[in-house]
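I have placed the structure first, in the form of structure tokens, so that the comments after it can refer back to it.
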Amino acid sequence: MTEFETLAYEINQLRTDKNAVILAHNYERPEIQDICDYLGDSLGLSRTAAATEADVIVFCGVHFMAETASITSPDKTVLIPDLNAGCSLAESITVDQLVDWKAEHRGATVIGYINTSAAIKAECDYCVTSSNAVKVVESIPEDEEILFLPDKFLGTYVEMMTGRKLHIWPGACHVHEKIGDVNMAEKQKQYPNAEMLIHPECGCSTACMMNSAMNFDCANSHIHSTSGMLQHAEQSESDQFVVATETGILHRLRKQNPSKTFHAANDNSVCEYMKMTTLGKLRDALKYDQFEVRVEPELAEAARRPIDRMLAIG
Ligand code: 13P
Ligand code: SF4
């Protein structure tokens, strides 16, 4: 047996013995994607974590995702294989900054992206993910002032899609913000027949929405969450795509669409946090029950409210 096969064998044994479910985000390493029980975007993962009947949830993703699972499933053991798997976007706002911002806009509705810590969620009215942010904002009465945090690109995208003026926190993900319109223009020249699939956290998504500022022709561009991209690629008649997001998604896109070709908008779009989970660390997580992520009950209760409101909207 190869080292990978041995690890996969052990993981499968431990998963059964411990009645564990392995959840993984679309940006994880290919071998983690291939062994997990559920692979998805932030919304799908939140829903699956909230509904599972397993005793143990092993979250192959980043810390805020494991925290969200602990908030929605407080009676389960939630494990993350590497405690250092953080998120630059979640780090882009602190609780003190949010409290000050709320004080400047008393009475405003606070909408927080799922990529935030439990402490930030506890200060929010609604949570959103990239696949439901537009829908959630549309559900809020027109006359309500909205604070949207922390991602400026997603916020701008939502603002343009809904026609609502939002107050947007100037945060960004270090991987997505580097994918700009110049990057896309180069790829468009290289692959003139390809469709462009763009994540709303990218800089190029805003450029595409703001016609005057863009370098590339966005007529053949589609802005989607990671699962939205997978659905689009499967249903589209195109056989070539340029994908503007973290490159981990390419494994699943190619596996699900073997006759189609996928190019990364930027081959350097790699999230080091998502890549921290390896098969060895996953095996150790199951074997030694490490590393547990637990949100204190009082904080969990406050953070659950915006998540439940989001899940109720869709
Ligand atoms: P989605 O998978 O929800 O599109 O989120 C992308 C992301 O950046 C997760 O960290
Ligand atoms: Fe966070 Fe960006 Fe990594 Fe997603 S890709 S986990 S937003 S740092």
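The values are calculated or read from the model by the stated rules, or taken from the named source; none is laboratory data. Remember, predicted model here, so these are calculated numbers, not experimental data. Quick reminder, even Gly has a Cβ in these numbers, built from the backbone with ideal geometry, and neighbours come from all protein chains shown. SASA here: full protein model, heavy atoms, side chains in, ligands and nucleic acids out. Shrake-Rupley method; radii C 1.70, N 1.55, O 1.52, S 1.80 Å.
Tabulated values for the structure
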quantity: Test: T277 is within 14 Å of ligand 2 (Cβ to nearest atom) and within 20 Å of Q188 (Cα to Cα); calculated: no
quantity: Subset of the range 72-128 [of a type in the set (D, E), surrounded by 17 or more Cβ atoms within 10 Å (Cβ to Cβ) and within 16 Å of ligand 1 (Cβ to nearest atom)]; calculated: D82
quantity: Residue match in the range 245-254 (condition: at pLDDT 95 or above, in contact with a Cys (Cβ under 8 Å, 6 or more places away or on another chain) and more than 25 Å from Y113 (Cα to Cα)); calculated: no
quantity: Extreme residue, most open to solvent (accessible area, probe 1.4 Å), among residues of the range 284-297 that are more than 18 Å from T116 (Cβ to Cβ) and out of contact with any strand residue (DSSP E or B) (no Cβ under 9 Å at 6 or more places or on another chain); calculated: Y288
quantity: Output for the range 129-139, where each listed residue is open to solvent by less than 10 Å² (accessible area, probe 1.4 Å) and not in a helix (DSSP H, G or I); calculated: T129, N132
quantity: Qualifying residue in the range 247-264 (condition: of a type in the set (G, A, S), within 16 Å of ligand 2 (Cβ to nearest atom) and not in a loop (DSSP other than H, G, I, E, B)); calculated: yes
quantity: Qualifying residue in the range 67-75 (condition: over 17 Å from E301 (Cα atoms) and within 16 Å of ligand 2 (Cβ to nearest atom)); calculated: no
quantity: Neighbours by Cβ (under 9 Å, 6+ apart or cross-chain): first from the range 118-132, more than 20 Å from A66 (Cβ to Cβ); second of a type in the set (S, T, Y) and open to solvent by 40 Å² or more (accessible area, probe 1.4 Å); calculated: Y126/S139
quantity: Close pairs (6 angstrom Cβ cut-off, 6 or more residues apart or separate chains): open to solvent by less than 40 Å² (accessible area, probe 1.4 Å) in the range 267-281, more than 16 Å from ligand 1 (Cβ to nearest atom) and assigned to a helix (DSSP H, G or I) anywhere; calculated: L279/L7; L279/E31
quantity: Members of the range 234-249 found to be surrounded by fewer than 22 Cβ atoms within 10 Å (Cβ to Cβ) and within 15 Å of the chain's Cα centre (by Cα), listed by number; calculated: T247
quantity: Subset tally (residues that are within 12 Å of ligand 1 (Cβ to nearest atom) and not aromatic (F, W, Y)) for the range 245-275; calculated: 8
quantity: Odd one out for E234, checked against (1) out of contact with any helix residue (DSSP H, G or I) (no Cβ under 9 Å at 6 or more places or on another chain); (2) under 20 Å from L43 (Cα atoms); calculated: (1)
quantity: Check on K121, away from ligand 2 (no atom under 14 Å from the Cβ), modelled with pLDDT of 95 or more and of a type in the set (K, R); calculated: yes
quantity: Those residues of the range 208-232 which are assigned to a helix (DSSP H, G or I) and surrounded by fewer than 24 Cβ atoms within 10 Å (Cβ to Cβ), in sequence order; calculated: M209, N211, S212, A213, C218, A219, N220, S227, G228, L230, Q231, H232
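This table checks each residue for (1) closer than 28 Å to V136 by Cβ; (2) touching a Phe, Trp or Tyr at 6+ places or on another chain (Cβ under 7 Å).
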residue	(1), (2)
C36	yes, no
D41	yes, no
T48	yes, yes
V58	no, no
E67	yes, no
I93	yes, yes
D96	yes, no
